[in-house]
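Only the coordinates and a few stated rules stand behind these numbers; no lab work does. Because the structure is predicted, anything quoted here is derived from the model rather than measured. Quick reminder, even Gly has a Cβ in these numbers, built from the backbone with ideal geometry, and neighbours come from all protein chains shown.
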Amino acid sequence: MPDYDLLLAGGTMLDPAAGRHGPFDVAIRDGRIAAVAPDVVPARAARVLDVRGCYVTPGLIDLHVHSYWGVNPYGFDADPICTRSGVTTAVDAGSAGPVNFLGFKRFIAAPARTRMLAFVCLAQHGVLQNPKELRHLEFADPAGAARTVQEHRDVAVGIKVRLDEPSVLENGREALRLALQAGEASGTPVMVHIGHTRLTIEEIADTLRPGDVITHCFTPLRPSIVDEQGRVRPAVRAAHERGVILDVGHANRHFTFDIVRACLEQGLAPDVISTDLHAFSPDGPVVDLPTTLTKLLALGMPLEQVIAAATSTPARVIGWADRLGSLAVGREADVAVLELVDAPLTVRDCAGRTLAAAQHLRARRTIRHGAVVNEVPA
């Protein structure tokens, strides 16, 4: 009998969590990483994949999607796009609330090839399109949201609240307070949607705890994290320095090259790179996670930092760093095989501006729990 079920041979391992960036083969047995070494003997494996010219990374984690399809208006069938783009874990951002979370767990998370986790919405029914979910605060259920997280730790990872004016009207301050109450009760982070808020960014940033998440951090919808002159607001920098997480959450309206450039030039990079893919974004500028990573790479983030922002950091944010985001021996074998294609790709932001990326990332293979779920020919 062979020692390994699968061997990824000849690639460049890039595992920021383990501090590994170099020529390592990765061997898999029984759905777990069994060996990491410069030269694993191919004859010891039942199947060998030649991944020369590619980066072998932990499976990508998309911290912000809306995958409760068939129930939530923002939901779409995320599994196919995840499997073809190197994403092995996707985190739904509040599509389910306390009253319908069991449906998400049973009908979305359980059958998916992608690991589907979720932030539980403060609103009992999840985020809504029209009317929005917290125009009436009686729909807020902090106790139910906290209880849902506590009872479903295998899927639920935190609390989600949207503070944009259409979602909460004049209720933003109280909605934020109730979300933090649920986060405290469940011992988990709160993800806060910004952009077009009545609350100032200063009040939001000053209120959040270390580990809480500002999503749509590069939104041009006012008030944004930069002022009218493009300077990072001091309250945002102070919040980031004390541990508040900045998440891209690209979507259709929340990412402009100008704001990203301004922040990077001032030394403020996002901690997490996510897509916010949803039912209304298939033809939008976001495309998928590798394309979103490409945009940050083209704007000046180093490759290792970009990969960390889609692997080890989101794993830490949701409290799963002991299970996800690394290719350490013994871990579940969630792996992305990524090619950095040395050819230009034109990418777009949410303002319609284009950028010619000299190189772009694409997923060649997606491996979930040791099984190859997608292969793209060279």
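Across the chain, the mean sequence separation of Cα contacts (distance under 8 Å, 6 or more residues apart), normalised by length, yields a relative contact order of 19 percent. Dipole of the chain computed with +1 at Lys/Arg Cβ and -1 at Asp/Glu Cβ about the Cα centre; of L102, C350, P270, farthest Cα towards the positive end is L102. Using only Cα positions of region 252-316, each an equal point scatterer, no hydration layer, compute I(q)/I(0) via Debye at q = 0.18, 0.28 Å⁻¹ and quote the log10 values to two decimals. After summing over all Cα pairs, the log10 values are -0.66, -1.32.
Quote the charge dipole size of region 50-149 about the Cα centre in Debye, to the nearest 20; the model charges only the Cβ of Lys and Arg (+1) and of Asp and Glu (-1). Walk me through the numbers on the way to the answer.
On the way: 9 positive and 8 negative charges, 31 e Å.
The calculation lands at about 140 debye.
Building the convex hull from the alpha-carbon atoms of region 28-182 and averaging its projection over directions returns 11.4 nm².
Express in % the proportion of alpha carbon pairs of the chain at distances exceeding 27 Å.
On the way: 32019 of 71253 pairs.
Of all Cα-Cα pairs in the chain, 45 percent lie more than 27 Å apart.
Treating each Cα of region 95-160 as one equal point scatterer and applying the Debye formula with no solvent, the log10 of I(q)/I(0) at q = 0.16, 0.28, 0.29 Å⁻¹ comes out as -0.48, -1.18, -1.23. Place +1 on the Cβ of every Lys and Arg and -1 on the Cβ of every Asp and Glu in the chain, take the dipole about the Cα centre, and give the residue among N72, T207, H369 whose Cα lies farthest towards its positive end. Of the listed residues, the answer is H369. Backbone geometry of region 102-110 corresponds, through the Karplus equation with coefficients 6.51, -1.76 and 1.60 at θ = phi - 60°, to 3J(HN,Hα) couplings of 4, x, 4, 5, 7, 9, 10, 5, 4 Hz, x marking Gly and Pro.
Counting other C-beta atoms within 10 Å, which of Y68, Y74 has the fewest, and how do the rest follow? Show your work: numbers first, answer last.
Numbers: Y68 29, Y74 24.
Lowest count first: Y74, Y68.
Say we join alpha carbon atoms closer than 10 Å with springs in a Gaussian network model of the chain; which of D271, D39, D349 then has the biggest fluctuation? In this elastic network of the chain, the residue with the biggest mean-square fluctuation among D271, D39, D349 is D39.
At 0.36 nm per residue, minus the direct Cα-Cα distance, what do M1 and H21 gain on full extension? Give it in nm, one decimal, please.
Working: separation 20, 0.36 × 20 = 7.20 nm, distance 3.10 nm.
That pair, M1 and H21, stretches by 4.1 nm at full extension.
If both residues of a DSSP beta bridge must be in region 60-317, then about 10% of such bridges are antiparallel. In this simple spin-label approximation, V376 and L355 carry label points 7 Å from Cα along the Cα→Cβ vector, and these lie 1.9 nm apart.
Using R₀ = 30 Å, calculate the FRET efficiency as 1/(1 + (r/R₀)^6) where r is the Cβ-Cβ separation of V341 and A46; round to 0.05. Walk me through the numbers on the way to the answer.
Details: r = 30 Å, r/R0 = 0.99.
That gives a FRET efficiency of 0.50.
Normalised size of region 184-336, defined as Cα radius of gyration per 2.2 N^0.38 Å with N residues, equals 1.04. Applying the Karplus relation 6.51 cos²θ - 1.76 cosθ + 1.60 with θ = phi - 60° to region 312-325 yields 3J(HN,Hα) values of 5, 5, x, 4, 5, 4, 8, x, 10, 5, 7, 10, 10, x Hz, where x marks Gly and Pro. Counted by Cβ distance under 10 Å from P220, the other residues give a net charge of 0, where Lys and Arg count +1 and Asp and Glu count -1.
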